[in-house]
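Below is one structure, written out as structure tokens, with a few remarks after it.
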């Protein structure tokens, strides 16, 4: 079942938007405007846009630390995501979280985490709440090939499988955990087979093919909503940059990046739209330009937004206790 | 109406009443449902509410992770850590998730979980089932650490903990489970973050929790015969701490002895001592003394275990030394 | 037989009590066991019962008054019994000395005493010769803090009104009123060869005898090497002198005795009502020879006081001893007699 032209165009825009967003973040990180370090997801746009695009707004999404794209697509205004990454007061979390901890409960972006494997068990909770409250919300948790080394993945999948919790484990296999290739740290040729031990259905998906991603997630979501339990989807993809912005990624063999760039998910969709759906290049360029403008506006918003009042550091530590400020 | 209940039974009653009171409350943990808990604390709940009492795999991370995630969705999980020592295998969930939810969501979500953890030494189970874990959790802003000492406190504080919107680690001392005391039948709350002045006195302030209060009271009685008045304070909530009550007491007595189970290094006694000397050094008449376990793992043999922990004589010696300073 | 009822001591810690209310009025006939009045100590309330049948003839303490333990409260007697002698005694008795406010471990001496001062503030007040009692404390529970002392000193210095009187003198308000009268009443008499003894000598004699009969008689003599102490004494003496303080061996011995008593509760254990009672605080009497007899002013709570403070208090006590006689202020633990001036070789006194 192929996606309609309209849907594919939407997803194309989403992917372009992610690309432009990440490029802007990279620029402002490199010139020192954005504090701290950031993890970019250029090259992985299809997996992010596809997962979020296949889910409902009421589904729980746990993007990971390389998740700007997914976060922007959950429903939070991009300019407020950008301002958060800039550490400004208008950031969606008031500057408390930054790049790695951007959350927005209103669109069920639960993406709080800089710790690999941590949300993999937290996701049990939102899934459990769906069954407890008898709602049809599913939970999608993003993880990477590196995440699978964490013991929590075992605990989570074991419990989700036993209790038939509605979880989709979205494993974006981008080949490297920082510098270590997944074949050097895992015995399986294909990581998805790891779920076989828990009798959890699993699929290997071309993570740069937006249609394949969307369809796989829709299948998994349907199973979950029917009460048939979790699914693990392994999206084969590649991150074009180093682990963080500024990492030269010298650990990659020559030619590997170039080979993956040939499989660019955006170019692929563009080709499909032009060849199958009859879109013109000018039409798509126009969409690209709109994305450029949108991101430029988001950056300007972030630049213009003031720094938070330092005293905000004391807010929201507890729901029931005000923390003492002895400064 | 009140009648005598054990500490264990008081906790069980609180759980039953809160399950009854609020349908968003559920319990989970290893052997908490069918069997009613390794220490029998959750007995009878599964029989009444089979869907709301869940036996889990031996997966502490999953237990706490599930609790955190479901709490964000509005549920009120009460998880059991069969032994507090097992906090090490779910530490990430408590520290990096539970304690940060409210902060990260800017107050839009909170994390109303209760983690019941069976703490302390004295049952001859050696170093993996006997540790006093308070300090491991006491510098994690966002967490609340509660340590009730009596059946009355255990029931009231557990109900408060369940109704509280922040993550609470509820410490239950295994040697107190059989302790009996007056407990009202009806549900009631005891204010968290409020220390209890258990005994009034003018000469020494002793701060102690849980089982250590027994030593404090015995020493106070002894010292009374010597004309020394001991004021005993049970912080009850260890973190965030009710500093005011301790400060006012020490400002009056000028002398502080902290009695603490667990190693001395970086224990909560160190925090209380530092806090007092920082805030009211001017009022002190003697150095602050800590009476603690030795800085060693808890050993198995009764002879070894008992040597490690403080006794009443240690408390007395500390009190006499501050009186004669 | 007429009975003088006094402020009871409920527990070793109690130093004073407040007469909360009288439940019997003057002239009421009461039976043994009837509650006469309520006494409050801190937040506890106690009832004082009539020790025997009789009539409540005189109430000597109005409601609401706070008095030290032992202070007269009422006279219980037969309806027509003559109680005038008892009442006369009471008036002579009236100079129950007030506790030195805030001295020693006394911040703990109960909320009833009102005045609190931090140990550091006390030292500062003494260094600056400031009567701190009139300073309003801004610290916790109203304690006077170093800040308060500094602020007061700063304000007063400019107003040229620093009170240079020693706190010890100031802190004995009884000195200027009641006790002076009491002292005048005790006229030293030329008692010789069977002539009548002065009251002070009678009491001294009685106390000596009580002490003899009330304590186990044993004498232990030990040598102590005080070479280091002598050295320290020589070093400290000029240092203290620079502050206008006279360091004496009596003060040193007082300090040493206080330390010893603190560390060895056994020595301060007495038998009371068939029970062993370890007494506290560490109060030590110093025998002072005055021209009309021997008086023993008591220095209170010495365990909590630095040597300098002891020196000051000792000096003040000796000064005062010449003029007044603190009859009620009896030593509870120990008395020290300084007889170095007498050039004797052995001095043995059982008390």
>> Just to be sure before I move on: is residue A:61 at pLDDT 95 or above and either buried (at least 21 other Cβ atoms within 10 Å of the Cβ) or over 21 Å from residue A:3 (Cα atoms) (or both) in the structure I sent?
In response: yes
> From B:302, B:297, B:263, which residue is more than 14 Å from every other protein chain (Cβ to nearest Cβ), in contact with a helix residue (DSSP H, G or I) (Cβ under 7 Å, 6 or more places away or on another chain) and surrounded by fewer than 23 Cβ atoms within 10 Å (Cβ to Cβ)?
Replying inline: B:297
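Per-residue answers, yes or no, for (1) touching a helix residue (DSSP H, G or I) at 6+ places or on another chain (Cβ under 8 Å); (2) closer than 20 Å to residue A:152 by Cα; (3) within 12 Å of chain A (Cβ to nearest Cβ):
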| site | (1), (2), (3) |
| --- | --- |
| B:35 | no, no, no |
| B:48 | yes, no, no |
| B:57 | yes, yes, yes |
| B:61 | yes, yes, yes |
| B:74 | yes, no, yes |
| B:81 | yes, yes, no |
| B:87 | yes, yes, no |
| B:102 | no, no, yes |
| B:120 | yes, no, no |
> When you go through C:108, C:139 one by one, which is the residue that is surrounded by 17 or more Cβ atoms within 10 Å (Cβ to Cβ), outside the structural domain of residue C:22 (by TED's automatic domain parsing), out of contact with any strand residue (DSSP E or B) (no Cβ under 7 Å at 6 or more places or on another chain) and at pLDDT 60 or above?
Replying inline: C:139
> Of all residues in region B:273-313, which are touching a residue at least 24 places away in the same chain (Cβ under 8 Å), more than 20 Å from the chain's Cα centre (by Cα) and within 30 Å of residue C:138 (Cβ to Cβ)?
Replying inline: B:276, B:279, B:280, B:283, B:284, B:285, B:286, B:287, B:288, B:289
> In this structure, does residue B:175 turn out to be in contact (Cβ under 8 Å) with a residue 40 or more places away in the chain, under 27 Å from residue B:297 (Cβ atoms), more than 14 Å from chain A (Cβ to nearest Cβ) and in a helix (DSSP H, G or I)?
Replying inline: yes
> Any idea which of A:283, A:222 is farther than 30 Å from residue A:189 by Cβ, outside any loop (DSSP other than H, G, I, E, B) and more than 20 Å from the chain's Cα centre (by Cα)?
Replying inline: A:283
>> Looking at the structure I just gave you, is residue C:224 free of Cβ contacts under 8 Å to residues at least 24 places away in the same chain, part of a loop (DSSP other than H, G, I, E, B), assigned by TED's automatic domain parsing to the domain that holds residue C:304 and under 25 Å from the mean Cα position of the chain (by Cα)?
In response: no
> When residue A:70 is evaluated against the numbered criteria (1) within 22 Å of residue A:230 (Cα to Cα); (2) at pLDDT below 95; (3) surrounded by fewer than 24 Cβ atoms within 10 Å (Cβ to Cβ), which criterion, by number, is the only one it fails?
Replying inline: (3)
>> Here is a check on your reading of the model: is residue B:208 at pLDDT 95 or above and buried (at least 19 other Cβ atoms within 10 Å of the Cβ)?
In response: yes
> Within the set of pairs 6+ apart or on separate chains, which have a first residue in region A:245-263 that is at positive phi, a second that is surrounded by 14 or more Cβ atoms within 10 Å (Cβ to Cβ) and in a helix (DSSP H, G or I), and C-beta atoms under 8 Å apart?
Replying inline: A:246/A:29; A:249/A:257
> When both residues are 6+ apart or on different chains and their Cβ atoms are under 7 Å apart, which pairs have a first residue that lies in region A:294-317 and is part of a helix (DSSP H, G or I), and a second that is surrounded by fewer than 13 Cβ atoms within 10 Å (Cβ to Cβ)?
Replying inline: A:311/A:325; A:314/A:325
> Just for region A:136-155: of the residues that are closer than 15 Å to residue A:200 by Cβ and within 19 Å of the chain's Cα centre (by Cα), which one is surrounded by the fewest Cβ atoms within 10 Å (Cβ to Cβ)?
Replying inline: A:153
> Of A:207, A:255, which residue is under 30 Å from residue A:29 (Cβ atoms) and under 17 Å from the mean Cα position of the chain (by Cα)?
Replying inline: A:207
>> For the structure I just gave you, tell me whether residue A:46 is in contact with a strand residue (DSSP E or B) (Cβ under 7 Å, 6 or more places away or on another chain) and either in a loop (DSSP other than H, G, I, E, B) or at negative phi (or both).
In response: no
>> Looking at the structure I just gave you, is residue B:198 part of a strand (DSSP E or B), over 27 Å from residue B:87 (Cα atoms), in contact with a strand residue (DSSP E or B) (Cβ under 7 Å, 6 or more places away or on another chain) and away from every other protein chain (no Cβ under 11 Å)?
In response: yes
> Taking strands (runs of 3 or more DSSP E) that fall entirely within region A:120-214, which contain at least 2 residues that are within 13 Å of another protein chain (Cβ to nearest Cβ), touching a helix residue (DSSP H, G or I) at 6+ places or on another chain (Cβ under 9 Å) and modelled with pLDDT of 95 or more?
Replying inline: A:139-144
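Yes/no per residue for (1) buried (at least 18 other Cβ atoms within 10 Å of the Cβ); (2) in the same structural domain as residue C:18 (by TED's automatic domain parsing); (3) without any contact (Cβ under 8 Å) to a residue 60 or more places away in the chain; (4) within 23 Å of residue B:202 (Cβ to Cβ):
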{"site": "C:28", "(1), (2), (3), (4)": "no, yes, yes, no"}
{"site": "C:35", "(1), (2), (3), (4)": "no, yes, yes, no"}
{"site": "C:51", "(1), (2), (3), (4)": "no, yes, yes, no"}
{"site": "C:56", "(1), (2), (3), (4)": "yes, yes, yes, no"}
{"site": "C:65", "(1), (2), (3), (4)": "no, yes, yes, yes"}
{"site": "C:72", "(1), (2), (3), (4)": "yes, yes, no, no"}
{"site": "C:75", "(1), (2), (3), (4)": "yes, yes, no, no"}
{"site": "C:78", "(1), (2), (3), (4)": "no, yes, no, no"}
>> Show me the strands (runs of 3 or more DSSP E) found entirely inside region C:1-74 where at least 1 residues are more than 30 Å from residue B:223 (Cβ to Cβ).
In response: C:3-6, C:16-22, C:35-41, C:54-59
>> Let me confirm something: among A:36, A:32, A:43, which residue is over 30 Å from residue A:165 (Cα atoms) and buried (at least 23 other Cβ atoms within 10 Å of the Cβ)?
In response: A:43
> Do we have any residue at all in region A:99-107 that's facing chain B (nearest Cβ under 7 Å), more than 14 Å from the chain's Cα centre (by Cα), without any contact (Cβ under 8 Å) to a residue 40 or more places away in the chain and surrounded by fewer than 24 Cβ atoms within 10 Å (Cβ to Cβ)?
Replying inline: yes
> Which condition breaks for residue C:273 when tested against (1) within 14 Å of chain B (Cβ to nearest Cβ); (2) at pLDDT 80 or above?
Replying inline: (2)
> Counting residues that are modelled with pLDDT of 95 or more, surrounded by 18 or more Cβ atoms within 10 Å (Cβ to Cβ) and assigned by TED's automatic domain parsing to the domain that holds residue B:143, which strands (runs of 3 or more DSSP E) fully inside region B:2-103 reach at least 2?
Replying inline: B:25-29, B:53-55, B:76-81
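The values are calculated or read from the model by the stated rules, or taken from the named source; none is laboratory data. A quick note: this is a predicted structure, and the numbers were derived from the prediction, not measured. Cβ: placed from backbone, ideal geometry, glycine included. Neighbour counts: every protein chain shown.
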